[in-house]
Each structure stands twice: as structure tokens, then as C-alpha cells.
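First up is the structure itself, then whatever we jot down about it.
The values are calculated or read from the model by the stated rules, or taken from the named source; none is laboratory data. All of these numbers come straight from a predicted model, not from anything done at the bench. When we count neighbours, we look across all protein chains shown, and the Cβ atoms used for this are built from the backbone with ideal geometry, even at glycine. The accessibility values were calculated without ligands, DNA or RNA, using every heavy atom of the protein model including side chains. Shrake-Rupley method; radii C 1.70, N 1.55, O 1.52, S 1.80 Å.
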Amino acid sequence: MKILQIGMGNVAGGLEAFVMNYYRVLVHMDIQFDFVCMYDKIAYEEEIRKLGGRIYYIPNVKKNYQGYIKELKKILKETKYDAVHVNMLSAANIVPLRVAHTMKVPKIIAHSHSSSCPGLIRKIMDNWNRPKIAKYATDRIACGEMAGRWLFGDKAFQSGQVTLINNAIQAEKFSFSEKDRDSLRKELGWENKTVIGHVGRFDIPKNHDRMLDIFQQIVSEKKDVMLCLVGPKEGLYKEIKEKTVQKGLEDKVYFAGKQENIRRYLSAMDVFLFPSVFEGVPFALIEAQANGLACVMSEAVSEEAVVFPERVRRLSLDRNNIQWAAAVMAMSSMNREAADLIKMRLSDAHFNIETEAKRLKDLYYHTR
């Protein structure tokens, strides 16, 4: 079975992680993904090619609208895909849905990966296009209830027209390692420190500004602490780095950059901080919980991301930094759960990729 994936960008974010997590499993179930990208390079390009996926680079729809349509039609004419899977952060661009519909692709999937739409023009386009999704898509799926209701509407969600396919992970890849913890903490001089961690791109939704404010409050009460920020040094990285210096925190904030082995860093942390402005069901939080970390997150993050309610504290962003700091320090002393219990709970909550990939495969094969 051949599936054409549309919507992946040039930076490895949550949407890209979803597609690749499922691709790595489904490729062994006789399902092959090919990819359309309108940027100069697609995230995970090397791995995609190793797994046998073809990558079609086509014009950017914003810069060359007609060129985008022409190239996409050509791809769909030359190769008969069983499905076109359109990964969406909003309805601002529904061109691939419309083109797939015009080309009579048997299964056209609209997939909601977010629960908010920044930018005025994008919001206007999003509101204008939303009613048209049902006309073009044969299936609507979402990473969680919040994302499903947001893009497709409450009526569609409540009537069962939206299928939930979770942001599942391979649990073992993120499970706690004492060896990793000890080696990294020794390497970085963190042996006797409380390490507060975060994994995510430097972007407005992740709220690194607020993280620094909360951390500054913690430092004023406790000296042997570190803030470890894992993520590509792109986007708002320079601004956050400058703010770190302005606050006099440069010796206490470690910018780890992009890391392939996230488990090593998660294992070295004592608590996970996630004060996002808006989120659907973020992979970073699922991965942190798979590692056994206690988490402090904003109420703007969907509650669906909580696998271990006893180990997660949700706070309103309206709470002050003193309250946030107190929650972070209280949660930092929690011990980790056993790995086998964590895996079982992840499976029960539908976040284990081994079981969830079978559900997506069934959806690809199912015809309405």
C-alpha cells in the first residue's frame, strides 16, 4: 500500500515526529510512505530515503500557487496512491485536499495536529477554509480531542466523524537509564544539582520566556539548580540566550542544542517544565513521562497528554512565578516509576506505537 504524506516541514517538530514514528513501524507492515515537501529540505530526509520513501520537492504554495498545484497533480497522475494523508496545523492551506479530491484519490485524510492558529492572515484563511474540509476529505483524524474539536468542530467530533490517532512513541527508546543519568551529570558537572529540563523548539508556543522567569524565581530560593533546554538553536534561540545573560543566569542555563539521544538528557533531569501557551498532545510530554519524569505543565496543554496524573501538575499561566517555582521544586523530588509499569500505562492510554500503528494501518485500509 502506498501513502502520500503532505505537510511535513524542514524542522523536526511534533507533526514530523508523528509521521516518522508511524512510518518506522508501518514500513514493516507493507505500507510505504512517499512525501511532498514545499521547502528546500524536508526534516528526516536521510532516514526517509533509507526507509525507501520518495521525496517530491515542489514549489511553495505561498510563492507559486499555480506551480504547486501543477506539480502535485503531476505526482498524483504518475503514481496511483491508495491514500493522501494531509497533516495540518490549521486549515489555512487546504489546496492538497482539493487537488487530491480533483484527482479522485480514493482516500483523502485531513489530520489535525494543533489546537490554535497564530497570525492574523493565517487565522482568516483558516476560518474561510474550514467548512470546505468535509467536502474534500474522506476521513478526518486528530492527535487528540482538543485538536479534533478545534479544526473539525464540536458537531463533527461528537457525531463520531473524527478518529483519534494518538501521538504514540516507542516506550523503550525513552525509558530511564541510570547509566545515562550518571555519565551525563558527571560530564556536565551536575552531580549535586537539581536539574529542571525542557525539550522543544525555540518558538512562541513553547514559552521559553516564562521558563526563564520561573527559573529565576527558583534560583532566588535555591542555588544548586540547573535549567537544561534541549532543542535546535534556531527560531527564538538568540533572544532567549540574550535574556539568559540579561538575567545573570548564563552559568545556570545549559543550551543542549538538537540531540538525537533524548533519553540521555531526560534521564539526567529531575523534573520537566512545560509552560506552553497552547498545545495539542505534545510528544515531548509523552516522552518525559515515558522516562518516569514528574512534569509541571500549563493548563493550556491538553489534559489528554497526561498519562500519569499523580506525577503531573497542571497550573494556569495566570499563576505567578512564585507558585510555579514552588510546584517545580515540589515535583522535583519524586522518584521514577518502574519501566514495565510505565510501558503498560502508556499502552493503556494508547501512546504505545506498537499497538497504535495497527490502528492507523486499519484506517488506511478501511473504505467508507
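Computed over the stretch 308-368, the quotient of the alpha carbon radius of gyration and 2.2 N^0.38 Å is 1.72. Accessible surface for T138 stands near 50 Å², nearest 10, in the context of the full protein assembly shown (1.4 Å probe). Stretching the chain fully between N10 and Y65 yields a gain of 17.9 nm (0.36 nm per residue, less the alpha carbon separation). For q = 0.17 Å⁻¹, what log10 I(q)/I(0) does the stretch 236-368 give under the Debye formula with an equal point scatterer on each alpha carbon and no solvent? Cα-only, vacuum Debye calculation for the stretch 236-368: -1.05.
Calculate what fraction, in whole %, of the accessible area of the stretch 23-70 sits on carbon and sulfur atoms when a 1.4 Å probe is rolled over the protein chains. About 50 percent, which is the carbon plus sulfur part of the accessible surface.
Scanning residues 5 or more positions from V11 or on other chains, those with amide H under 5 Å from its amide H are A43, with H placed 1.01 Å from N in the peptide plane.
Its alpha carbons give the chain an Rg and a Dmax of 21.0, 64 Å. Close amide H pairs (under 5 Å, H built 1.01 Å from N) link T194 with V225, M226, residues at least 5 positions away or on another chain. Note on Y65: accessible area approximately 90 square angstrom, rounded to 10, probe 1.4 Å, nucleic acids and ligands left out. In this view, the solvent-accessible surface of K107, computed with a 1.4 Å probe and all protein chains in place, comes to about 10 Å².
Solvent-accessible area of the stretch 189-321 (1.4 angstrom probe, protein heavy atoms only): carbon and sulfur portion equals 43 percent. Relative contact order for the stretch 256-323: 30 percent, from Cα pairs under 8 Å spaced at least 6 residues apart, divided by residue count.
Site pair D30 and Y57 shows an inter-label distance of 3.4 nm when each label is modelled 7 Å from Cα along Cα→Cβ. Per DSSP helix of 4 or more residues, -39500 (n - 2.57); summed, then divided by the residues of the chain. What does that give at 222 nm, rounded to the nearest 500? Theoretical 222 nm ellipticity from helices: -12500 deg cm²/dmol.
Leaving ligands, DNA and RNA out of it, rank D180, D82 by accessible area with a 1.4 Å probe, largest first. Numbers along the way, then the final one.
Values: D180 25, D82 60 Å².
Heavy-atom accessible area, descending, gives D82, D180.
Protein heavy-atom accessible surface, 1.4 Å probe, per residue over the stretch 238-309: 35 Å². For the stretch 68-79, backbone phi angles converted through the Karplus equation (6.51, -1.76, 1.60; θ = phi - 60°) give residue-by-residue couplings of 4, 4, 4, 5, 5, 4, 4, 4, 6, 7, 6, 10 Hz, Gly and Pro being listed as x. Kirkwood-type hydrodynamic radius, the stretch 1-118: 14.4 Å, calculated from all non-identical alpha-carbon pairs.
Over the stretch 90-171, what percent of the accessible surface lies on carbon and sulfur atoms, probe 1.4 Å?
About 56 percent, which is the carbon plus sulfur part of the accessible surface.
Explain nothing, just the number: relative contact order of the stretch 108-243, from Cα pairs under 8 Å at least 6 residues apart, as a whole percent. Can you show the working numbers first?
Details: 126 pairs, mean separation 26.0, N = 136.
Once divided by the residue count of the stretch 108-243, the mean separation gives 19 percent.
Using only Cα atoms, what is the ratio of the radius of gyration of the stretch 204-269 to 2.2 N^0.38 Å?
Working: Rg = 12.0 Å, N = 66, 2.2 N^0.38 = 10.8 Å.
Its radius of gyration relative to the 2.2 N^0.38 Å reference: 1.11.
Note on N127/K50: beta-carbon distance plugged into 1/(1 + (r/R0)^6) with R0 of 35 Å gives a FRET efficiency of 0.30. Pairs of Cα atoms nearer than 8 Å and 6+ residues apart set the relative contact order; for the stretch 124-195 it is 24 percent. Rolling a 1.4 Å probe over the heavy atoms of the protein chains gives the stretch 1-85 an accessible area of 48 Å² per residue.
Could you sort out which of K41/K179; K132/K361; K123/K252 sit more than 29 Å apart by Cα distance in this structure? Could the numbers behind the result be given before it?
Values: K41/K179 36 Å; K132/K361 26 Å; K123/K252 38 Å.
K41/K179; K123/K252, as the Cα separations exceed 29 Å there.
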